[in-house]
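Derivation of every value follows stated rules applied to the coordinates shown; laboratory data play no part. Quick caveat, the model's predicted, so the values are computed rather than measured. Note that each Cβ is placed from the backbone with ideal geometry, even for glycine, and that neighbours are counted across all protein chains shown.
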Amino acid sequence: MATTTGVNSDLAKERNNSTFDVEELSNFIYRGPEKVKRRRYLHNLATKDPFFRKFKPWAFQTREEQYEICLQKHLYINKKCKELNLTEPVDKFFYTEAAAPHENSPIGLHTVMFIPTIEKQGTEEQKKRWLPLAESLKMIGTYAQTEMGHGTFIRGLETTATYDPRTREFILNSPTITSMKYWPGNLGKTTNHCLVMAQLYTQGKNCGIHMFMVQIRDLETHMPLAGIEVGDIGPKFGYGTNDNGFLRLSNVRIPRENMLMRYSKVLEDGTYVKPPNAKIAYGSMVLVRAAIVTDAARALAQACVISIRYSAVRRQTEVSPGGEEAQIIDYQTQQYRLFPLLATSYAMYFAGRFMYDFYLKTTAEIEGGNLDSMPQLHAISAGLKAFSSWMCSAGVETCRLCCGGHGYSHASGLPKIYIDVVPGCTYEGENNVMMLQVARFLMKMYGKLQNGEALPTFMQYMSTDLNKKSCMTEEVALNCLVMAYEHRAARMIRDAAASMEKLVQSGKSPVEAWNGSTVMLTWAAIAHCHAFVTKLFVETVVKSRMDSKVQSALTSLCKLYAVHGIVENLGGFIQDQFFDSKQVKILQKKLMQLLAEIRPNAVAFVDAFDYPDEVLQSCLGRYDGQVYQALYDYAKSSPMNEKEVLDSYYKYIKPAQNGKYQQYSKL
Ligand SMILES: CCCCCCCC(=O)SCCNC(=O)CCNC(=O)[C@H](O)C(C)(C)COP(=O)(O)OP(=O)(O)OC[C@H]1O[C@@H](n2cnc3c(N)ncnc32)[C@H](O)[C@@H]1OP(=O)(O)O
Ligand SMILES: Cc1cc2nc3c(=O)[nH]c(=O)nc-3n(C[C@H](O)[C@H](O)[C@H](O)COP(=O)(O)OP(=O)(O)OC[C@H]3O[C@@H](n4cnc5c(N)ncnc54)[C@H](O)[C@@H]3O)c2cc1C
């Protein structure tokens, strides 16, 4: 019998049985005790602030309430960050994460894309003009790129910005229904400005897509300006807190100075000056792609916390007749579904950490005028964005299923996490499209390899001898695991290139050959990303300094990540007899051993993520494990239970019981 106060006894036992100190692992995850302390302090500031607790739970709000409440929270967060002098993005992030978890901000695009785009693409004069207004929220903006007809193929955008040298203005138009901007976050009702991506026409020529600052609403009355039609696109799968919007522009004139001109320019007479690299205008997308990796990791980590704690508390089915019911975490099938996801959340977290550092390093180079690493940054950010959002979204859904019926309730907190993470597969570049961008890069690298040219370090595995067999022994060494992933990726890259070559030889054009090989190209890109993430995880556990017990536990988790990925994708690993059947058996056996090895540390691994209950917002994932009382309290708080007998009983059920259905004819 579970106790109803204090920490649930099963969960307490789990914590006693772990082999390492949880605090040590938290210190490693968050890069040192000082950072853990700071993160806790910021979480605490938010969770203890009564302001955030005065609203009814998110799941009980209508969409309009979700928007309004979330808006209030985020404006309050803004005010508090100023008062508390929280200027570092990481500080703001931790405070916000605890204040409004998984509630997409109605001023999020303003912070995440509008301001960074001005900072990165604006001239010094433009930054001086707009940034103070944006910081003080006098100007609230968004990033308006996607149109109803085009999201992926941005060169096909239809919005036009035509330069008029007589008045030194651009004239913006949405010439067709499909050209209306559709989807930009915060656009519908919140913003008064937006950065519009449009086809630039000057001196009668199309110069491609460029960014323009357009005011869409009056700064006093907030009414749409002349020539502007703007609104909310309606309810979606999630993101109820966000007013994703539509926008039509009819002959809207803006001054020449409103084109973002740090790199490309239109001179007063209409002369166009090209940027050093046309793709530099895509920089804001790269920034958000890089950020999505950690976002996705965080979502999966939280889902694992909920599902693993609940699995330790939940007991179901007598294992032997009349005996005690087992903790569901002791079922091997439950472990097989959850522990690899736990490992994935760590793998993605480390990938996100790498991505962040690599983004900062490369953008500093770009800003200094060295654009050499742009293709690498694009390929790595597109690949990790797609790989992490796919793996983590699917993982969150599995965590939900692992909670049985209670996982389906909003009380679990899992649906909220899922609907927040899954659009990451679509926005900022649909995942299949992103993988094809990676494949394009891989094919270029393959060409270099064929020509004997040097490859960047992270691509050097491509030169591996594809006739070599695996070095895997009973020990299942980490280096043999990495080699397996690299071998698979190298072979898939070669196979995709061979497929294209064959099509060209059969008379197809290069474009047709590409289109006829995109499935193989996508396989190659996914295999490449999988190898990249696995190697990063291995290097992190092998090379980093950390407590020895933590290192030993984390090594098992890392091994599980690698072994599970092979066993689940066996076809791709044995296609060229890289592994023989004996080695496959070794891996399958090792997988089961690793599940058992990780079992005593499962709760400690999720505790180390150090998410307070207020962030998880889950009856099932509570630190104290008192899930049943929490579910009961949640049910009782449902607005449906405010009255014992609902009006609908008198209006519909009672008359039906009496055989009276006239009320329907009134409709
Ligand atoms: C809080 C939550 C916030 C969430 C907010 C979400 C906000 C949004 O969704 S904003 C909208 C995001 N939209 C997108 O991401 C659109 C996706 N599409 C694209 O990025 C492009 O159209 C893309 C990359 C698919 C193709 O671009 P296109 O210009 O047609 O390029 P393409 O002809 O395929 O390639 C040309 C070259 O550019 C390179 N390239 C493309 N993008 C980049 C880039 N960002 N950096 C560097 N190089 C790039 C390619 O690698 C290729 O190089 P090469 O010729 O050497 O092989
Ligand atoms: C929650 C949310 C928030 C968003 N916020 C913003 C925002 O703030 N600003 C903004 O500008 N946009 C925003 N978007 C739009 C988003 O960026 C686009 O939806 C996304 O880039 C995908 O484009 P699409 O919708 O045109 O999909 P499509 O390109 O139409 O994709 C449909 C299908 O076609 C496939 N496909 C398309 N092209 C190719 C190809 N070349 N090769 C192979 N397959 C292909 C895709 O893989 C996909 O399966 C948001 C979207 C969502 C869902």
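Using the Kyte-Doolittle scale, find the helices of the chain whose mean hydropathy is at least -1.0 and whose Cα atoms extend 20 Å or more along the helix's long axis, counting only whole DSSP H runs. Please report the intermediate quantities before stating the final value.
On the way: long enough: 33-47 (21 Å, -1.43); 63-83 (30 Å, -1.37); 283-313 (46 Å, 1.15); 332-367 (51 Å, -0.11); 374-401 (40 Å, 0.47); 431-450 (28 Å, 0.20); 478-505 (40 Å, 0.11); 518-543 (36 Å, 1.11); 548-568 (30 Å, 0.56); 581-598 (26 Å, 0.09).
Once both thresholds are applied, what remains is 283-313, 332-367, 374-401, 431-450, 478-505, 518-543, 548-568, 581-598.
Global size of the range 472-539: 15.2, 49 Å for Rg and Dmax (C-alpha atoms, Rg to one decimal, Dmax whole).
Ignoring everything except DSSP H segments at least 4 long, calculate the 222 nm mean residue ellipticity for the chain; use -39,500 (n - 2.57) per segment, divide by total residues, nearest 500. Don't skip to the end; give the middle numbers.
Details: 25 runs with 348 residues, N = 667.
Per the formula, -17000 deg cm²/dmol.
When only Cα pairs below 8 angstrom with a gap of at least 6 residues are kept, the range 159-315 shows a relative contact order of 24 percent.
Let me check against my output: what whole-number percent is the relative contact order of the chain, with C-alpha pairs under 8 Å and at least 6 apart?
On the way: 1030 pairs, mean separation 104.0, N = 667.
Answer for the chain is 16 percent.
Taking packing as the residue-averaged number of other Cβ atoms within 10 angstrom, the listed peptides 407-419, 313-325 run from highest to lowest as 407-419, 313-325. Restricting the GluC sites (Glu not before Pro) of the range 598-667 to loop positions (DSSP other than H, G, I, E, B) with no more than 11 neighbouring Cβ atoms within 10 Å leaves E642, E644.
For the range 171-266, trypsin sites (Lys or Arg not before Pro) are listed when DSSP marks them as loop and at most 14 other Cβ atoms sit within 10 Å of their Cβ; the list is K236. In terms of overall dimensions, the range 1-141 has a Cα radius of gyration and Dmax of 19.7, 69 angstrom.
Normalised Debye scattering of the range 435-558 at q = 0.13, 0.15, 0.19 Å⁻¹ gives log10 I(q)/I(0) of -0.60, -0.75, -1.03, counting only Cα atoms as equal scatterers and leaving out solvent.
In the distance distribution for the range 139-275, Cα-Cα pairs more than 21 Å apart total 38 percent.
On average, how much area does the Cα convex hull of the range 89-195 cover when viewed from any direction, in nm²?
So the Cα hull casts an average projection of 8.7 nm².
Report D for the range 349-468 in µm² per second (integer): Stokes-Einstein, Kirkwood Rh on Cα pairs, 10 °C, 1.306 mPa s. Kindly include the intermediate steps, with their values, before the conclusion.
Details: Rh = 16.8 Å.
It comes out at roughly 94 µm²/s.
By the beta-carbon count within 10 Å of each Cβ, the least crowded to most crowded order of K543, K73, fewest first, is K543, K73. For the range 257-263, the Karplus equation 6.51 cos²θ - 1.76 cosθ + 1.60, evaluated at θ = phi - 60°, returns couplings of 5, 8, 7, 5, 10, 5, 10 Hz by residue, with Gly and Pro reported as x.
Just to verify a number: FRET efficiency for N17 and T178, C-beta to C-beta distance, R0 = 51 Å, to 0.05?
After rounding, the FRET efficiency stands at 0.30.
For the range 109-123, backbone phi angles converted through the Karplus equation (6.51, -1.76, 1.60; θ = phi - 60°) give residue-by-residue couplings of 5, 4, 7, 7, 10, 5, 5, x, 5, 4, 4, 8, 10, x, 6 Hz, Gly and Pro being listed as x. Peptides 598-608, 547-557, 27-37, 366-376 ordered by packing proxy, namely the average of other Cβ atoms within 10 Å per residue, highest first: 598-608, 547-557, 27-37, 366-376. Name the residues of the range 404-440 whose amide N is less than 15 Å from a point 7 angstrom out from the Cα of Q376 along the C-beta direction? Flagged as within label range: none. The orientation-averaged projected area of the convex hull spanned by the Cα atoms of the chain comes to 37.6 nm².
The chymotrypsin sites (Phe, Trp or Tyr not before Pro) of the range 119-224 that DSSP puts in a loop, and whose beta carbon has at most 15 other beta carbons within 10 Å, are F153.
Students often get this wrong, so check it: of K13/K56; K416/K643; K181/K361; K469/K535, which have C-alpha atoms separated by over 24 Å?
On the way: K13/K56 34 Å; K416/K643 27 Å; K181/K361 33 Å; K469/K535 19 Å.
Among K13/K56; K416/K643; K181/K361; K469/K535, the Cα-Cα distance tops 24 Å for K13/K56; K416/K643; K181/K361.
One chain, two ends: V90 and E325. Fully extended at 0.36 nm per residue, the span grows by 80.2 nm beyond their Cα-Cα distance.
Among DSSP beta bridges whose residues both lie in the chain, state the antiparallel percentage, nearest 5. The antiparallel fraction comes to roughly 80 percent.
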